[in-house]
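What follows is a short report on a single structure.
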Amino acid sequence: MKIINVVSLFLISIISITTWANSDNEPISLKKIAPKNTLSDLNSAPFGFRWGDDLDEVKSKLAEPYEIINDPKRCPFVVVKANNLDETIKNTGEYELLIMPKYNRFTFNGLLAISYKSQPANVKDYHNLLGKITNSLKRNYGVLKQARSMNGMERYYSFEGDNFVISLTGEQYKDSFYIDLEYAFIGYEYNQDTELGYSVAMEECKKQRSQH
């Protein structure tokens, strides 16, 4: 099974970047609280996005058709599904962009993770697609860390930048093949009252969406 998924990446991200707002309890967006690096941090997101992009900014950068999911089951996030973000692997899987909307007294909002999932039809397609993805990651980020698989049927790669992490998993079970690629922003070292802030956002999200 894969080492890490987008939910786990989110928990890493939210522990790293979340804090309560200032003494007046005003919400602070990611773009306003960066204490050390600014534009270069936010621009490290893949596919032309910036970490912290809101929903409208994400939509403006999507040329292909997309689907927006904001039902209560996906609280506290808005999920944007798209098929084509990378021309190298176009029409081979599905992307999900994870966006945290603005919530009362919750400091982080915007794009925080991107995941790609694919189920190749056969072993040839599986190895070709996995090779294209790893080669693209190496060109863009350099050397990838590779974890040893216990049974030889799973492949794990990872990369950790200053403010984001990447996880790539390839799995083969008999005639079934799976590829999972995930990016998550972890750039800000704020962690006060993280769990409480997340709980407040969850409750506010469920309340808002159950009314529609």
Exercise for the section: Hey, could you check segment 87-106 for residues that are in contact with a Gly (Cβ under 8 Å, 6 or more places away or on another chain) and of a type outside the set (V, I, T) and say which is modelled with the highest pLDDT? Expected result: M100
Practice task
Search segment 134-149 for residues being under 11 Å from L168 (Cα atoms) and without any contact (Cβ under 8 Å) to a residue 24 or more places away in the chain, and hand back the single one that is surrounded by the fewest Cβ atoms within 10 Å (Cβ to Cβ).
Solution key: K145
Fill in the blank from the handout: Going through (1) out of contact with any Ser or Thr (no Cβ under 9 Å at 6 or more places or on another chain); (2) modelled with pLDDT under 80; (3) within 27 Å of V200 (Cα to Cα) one by one, E64 fails only at (3)
Exercise for the section: Would you point out which residue out of N37, N70, N84, N43 is modelled with pLDDT under 50 and either buried (at least 20 other Cβ atoms within 10 Å of the Cβ) or of a type in the set (S, T, N, Q) (or both)? Expected result: N37
Handout entry: Top-ranked residue in segment 153-179 [being of a type in the set (G, A, S) and assigned to a strand (DSSP E or B); ranked as farthest from Y141 (Cα to Cα)]
Key = S176
Problem - Looking only at segment 150-174, and only at residues there that are free of Cβ contacts under 8 Å to residues at least 60 places away in the same chain and aliphatic (A, V, I, L, M), the one that is surrounded by the fewest Cβ atoms within 10 Å (Cβ to Cβ) - result: M150
Practice task
State all residues of segment 63-101 that are in contact with a Cys (Cβ under 8 Å, 6 or more places away or on another chain) and under 16 Å from P120 (Cβ atoms); if no residue qualifies, say none.
Solution key: none
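The values are calculated or read from the model by the stated rules, or taken from the named source; none is laboratory data. Quick caveat, the model's predicted, so the values are computed rather than measured. All Cβ positions, glycine included, derive from the backbone under ideal geometry; neighbour counts span all protein chains shown.
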